[in-house]
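Heads up, the thing below is written out as structure tokens.
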Amino acid sequence: MQKRQRQMIVGLAFVVASTAMLFSMDAAEKSDAVSKETEKAASGKIAPQQRIQFEQEKAKAHMQELEERMFRLSKLINESQPEDAARLLLGLRKAREQLILDRMGEASKMLDDLKLDQASKEQKEILVLLEELKKLLLTADIGLELKLEQLRKLIDSRETLNKLLKKEELQFANTLDQQNKQENKKDLKALETSEQRNQKAAENLEQMLREYGAGSKGICQSLAGAGKCMGGACKSLGESKPKPASADQKKAIEQLSQAQLETKKLEEQLRKEVESLVRQRVMDQLQDMITQQKQIREVTAKLQDRVAQNQKQALAAVRRLASSEEKIIDLCSESIELCELTQFSMVLPVALGAVREQMEFVNEGLLHGKADKAMIDDQLQIEKDLQSLLDAMIDASRPSNKQGGQCKGCKGNRNKLLAEVKMLRWMQQSVHQRTENLDTLIDQKKITEPAQRERIELLSVRQKEIDSVTGRLHSMTCPHCLAGGE
């Protein structure tokens, strides 16, 4: 492990050093122009908003240079350090997909138009994207990141394929309607145009899926076949021959359906490949959330007496804790996204959503300088809830030959099922406790009517989620697992 870490550090150091070298080469060419603009800005001869805009333009230029360097550097180290090269290309692709450079340009335009509030909001969102990019470039396991990115794209491709299939089915139905009609050249021309769009979409999708290599060969062949049939249908529709066109469309639908099945298989294969790694990452994130939440609680407890005395410095310190709570919320959201993406747990993303909801209440309280016993109790409860979920995940990670064994029916690991049930039980207990707490607040008239309605609505949503996920878990569980037999 230490050897691997050393190799990663050396690799990252090489990337940083090489990037700095490329930066110095580029900066030398532009130093004169930049220095003149800087002197002009420093002299006070331009308005403050223009100076801010100038800084925004510089940030945009740096981002553009960064994208160029990432591409060039990935080429330079592709043979000697393929992992770092893949990391840079993934970062570049992510930056371009998220339109970071374009958004920087939009922020600059907003500043030029004196739309300062909008520009500030846009800059904050850009900073979040840049932080994500930085995290991606420094991640220890780029192989996992690449597979997760593939999985996201594959899911998007499957959704695109589903839409295309529905469009082609509609084309087929409309073409059948035209077979017994006379003087329908105008309608057939419209169908031909729509068929051409479908053919183009199939070709684009095939091209996109080629990057998966041998794993997507069957999908690409089915899409190519569908595109060929669509081309035949286009020709027949152009010749006012709806009957042969419908025959080609039917074949195209069969090919698209086959591609859909194969895409699902590839998606499942990718999920299985990353499941254990993602599970471990989520467990690590849960532990990080517990540690950070404990630190916030301890600081809140230290400030409690001073806040009660309305000391300004203490109130300001409590409000600053909100930014730390927001980081925990972001980490929780990332864990939820990983769970939903890989589907390794049905209950965990819903359970984490409930905990995140409590984090948001705590964050709001911190922003208002709240540091009383109730706030500390809420923070402690979040720690306990996260620990309960972590314990359940640890149980689920045990191999099937220990404490639960393998189900004789589905051959699955019953420890995973037991962990899901534990999380469901925790969720129901949490909703029950929150319902009792709300009932007490109502009896004591310590809650306003709007706040009461809001909390009741949230509890209702959580209860419906528990009912829904319980039903889904039951329907997906084999009779032997339900009976508890080995």
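What's the extension gain from K228 to S397 if we count 0.36 nm per residue and subtract their Cα-Cα distance? Write out the running numbers ahead of the final one.
Details: separation 169, 0.36 × 169 = 60.84 nm, distance 4.71 nm.
Between K228 and S397, full extension yields an extra 56.1 nm.
Listed values for region 433-445 are Karplus-derived 3J(HN,Hα) couplings in whole Hz (6.51 cos²θ - 1.76 cosθ + 1.60, θ = phi - 60°), namely 5, 5, 5, 5, 4, 5, 4, 5, 4, 5, 4, 8, 6, and x replaces Gly and Pro.
What is the local net charge at K250, summed over the other residues whose Cβ is closer than 14 Å to its Cβ (Lys, Arg +1; Asp, Glu -1)? Residues near K250 contribute -2 overall. What the Kirkwood sum gives for region 274-483 is a hydrodynamic radius of 18.6 Å, with every pair of different alpha carbons counted.
Report the local net charge at L209: Lys and Arg +1, Asp and Glu -1, summed over other residues whose C-beta lies under 12 Å from its C-beta. Every neighbour counted, the sum reads -2. Note on N437 and N310: the extension gain reaches 43.0 nm, defined as 0.36 nm multiplied by sequence separation minus the Cα-Cα distance. Rounded to the nearest 0.05, what FRET efficiency do Q463 and Q182 have when you use their Cβ-Cβ distance and R0 = 60 Å? Calculated transfer efficiency: 0.50.
Using a simple charge model, +1 on the beta-carbon of Lys and Arg, -1 on the beta-carbon of Asp and Glu, nothing else, what dipole does region 147-265 show about its Cα centre, in debye to the nearest 20?
Taking the Cα centre of region 147-265 as origin, the dipole is about 120 debye.
When the square roots of the Cα gyration tensor eigenvalues are ordered a ≥ b ≥ c, the ratio a/c for region 277-364 is 1.5 or more and a/b exceeds b/c, which makes its shape prolate.
Each residue of region 160-165 was assigned a 3J(HN,Hα) from its phi angle through the Karplus expression (A = 6.51, B = -1.76, C = 1.60, θ = phi - 60°), giving 4, 5, 4, 5, 5, 4 Hz with x at Gly and Pro.
For a test of the definition: using alpha carbon positions, the gyration tensor, and the 1.5 limit on a/c, classify region 100-225 as rounded, prolate or oblate. Judged from the Cα gyration tensor, region 100-225 comes out oblate (a/c at least 1.5, b/c at or above a/b). The length gained by stretching the chain between K58 and S257 to full extension, at 0.36 nm per residue less their Cα-Cα distance, is 66.6 nm. Basic side chains Lys and Arg get +1 at the Cβ, acidic Asp and Glu get -1 at the Cβ, and with that the dipole of region 274-483 about its Cα centre reaches some 520 debye. Taken one residue at a time, the phi angles of region 369-381 give Karplus couplings (6.51, -1.76, 1.60, θ = phi - 60°) of x, 7, 8, 8, 4, 4, 5, 5, 5, 5, 5, 5, 5 Hz. Gly and Pro are set to x.
On the basis of the beta-carbon distance and an R0 of 35 Å, Q221 and E65 show a calculated FRET efficiency of 0.25.
A short reminder: the numbers here are calculations on the coordinates, not readings from a lab. Keep in mind the model is a prediction, meaning the values are calculated, not measured. In this analysis, Cβ positions are derived from the backbone assuming ideal geometry, glycine residues included, and neighbour counts consider all displayed protein chains.
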